[in-house]
1. Taking the condition assigned by TED's automatic domain parsing to the domain that holds residue 33, more than 13 Å from the chain's Cα centre (by Cα), at pLDDT 90 or above and surrounded by fewer than 24 Cβ atoms within 10 Å (Cβ to Cβ), does residue 183 pass?
2. Would you pick out the residues in the range 233-248 that are in contact with a strand residue (DSSP E or B) (Cβ under 8 Å, 6 or more places away or on another chain) and either touching a residue at least 40 places away in the same chain (Cβ under 8 Å) or part of a helix (DSSP H, G or I) (or both)?
3. I need a count of the residues in the range 205-226 that are in contact with a strand residue (DSSP E or B) (Cβ under 9 Å, 6 or more places away or on another chain) and closer than 26 Å to residue 308 by Cα.
4. Residue under question is residue 197, and the condition is that it be over 18 Å from residue 45 (Cβ atoms) and in contact (Cβ under 8 Å) with a residue 12 or more places away in the chain; does it hold?
5. Quick check on the range 84-113: of everything there that is out of contact with any strand residue (DSSP E or B) (no Cβ under 7 Å at 6 or more places or on another chain) and under 17 Å from residue 55 (Cβ atoms), which residue is surrounded by the most Cβ atoms within 10 Å (Cβ to Cβ)?
6. Is it the case that the range 26-35 has a residue that's surrounded by 21 or more Cβ atoms within 10 Å (Cβ to Cβ) and more than 28 Å from residue 116 (Cβ to Cβ)?
């Protein structure tokens, strides 16, 4: 039996330490953390929308009075499911890496809200939308085609979240490399470990408690998504966590564990890198690699469609001229198509099909 049940809500993991978990950990369902000591408090990440973040803060404040007025918030990286809730903690000092802040500015909540409205419209008109997409592809409007392909998938995975009306509250303090903080009697180190999952990944390490809040450097039980890479950078980030010898690791998505999930993810990344490299050197395109590659031993992991992004990112690093610049519409269109393939088991029931 796991030491901590993977159930939604607040879980005490040490003296003044808490993790907020959101099963099943799929797209947007991220974890967060709270550090409280000596009348001070630090929040690790907010959530994807204001309602979810408010529920979390209410639960934290019910058990830890210092959370009523948070001193510090650390956003571990630039994906919205780890910072869109910042509007509810705007009075705190909000910290992120310099690169994470740059990524946040590229995709504020208002832009994702607009994308969801467009995707919802494309999904609602169904075959007409796909017809427009095909026409757009025929006349060179690839983004229109990609949006038509991605719309049902994007609408489904992000439908539980409400982005409209969220004020973008960005970090007001940035750092590079390493930042040491004091929360009451607890030492806290914020360590930049990216580029890996994103360009600006950071982890939060409490050396005296042997606890790591890993952000999305750790997906536990689901395929990671390599938006930035390279794989070697993420492997190095895993090694950085393992070198700390933590006893408890809170992932960005998935259940709390020790170092085993970190080792498992590292193995995945090593096998992925080997598989992509051998096929790339054999002359296969990114699309052919996605079709040919089998991540044996990881068949039970969820979100297998992320392999599309992972392969494209690795190929992009292997040959900067092989693929165009990253385009979110194209990435989600590719994942939508992959989510429909029967070889991924029950993922064939994905809504994009």
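The values are calculated or read from the model by the stated rules, or taken from the named source; none is laboratory data. Bear in mind the structure is a predicted one, so any value in this text is a computation, not a measurement. Quick reminder, even Gly has a Cβ in these numbers, built from the backbone with ideal geometry, and neighbours come from all protein chains shown.
1. Details: assigned by TED's automatic domain parsing to the domain that holds residue 33: yes; more than 13 Å from the chain's Cα centre (by Cα): yes; at pLDDT 90 or above: yes; surrounded by fewer than 24 Cβ atoms within 10 Å (Cβ to Cβ): yes.
Yes, satisfied.
2. In the first step, residues of the range 233-248 are kept if they are in contact with a strand residue (DSSP E or B) (Cβ under 8 Å, 6 or more places away or on another chain); the result is 234, 237-238, 240-241, 244, 246-248.
Scanning the range 233-248 gives 234, 237, 238, 240, 241, 244, 246, 248.
3. From the range 205-226, those in contact with a strand residue (DSSP E or B) (Cβ under 9 Å, 6 or more places away or on another chain) are 205-225; that's our starting set.
Those left that are additionally closer than 26 Å to residue 308 by Cα: 214-225.
Residues that pass the stated criteria total 12.
4. On the way: over 18 Å from residue 45 (Cβ atoms): no; in contact (Cβ under 8 Å) with a residue 12 or more places away in the chain: yes.
In short, no.
5. The qualifying residue surrounded by the most Cβ atoms within 10 Å (Cβ to Cβ) is 84.
6. The answer is yes, given that some residue of the range 26-35 is surrounded by 21 or more Cβ atoms within 10 Å (Cβ to Cβ) and more than 28 Å from residue 116 (Cβ to Cβ).
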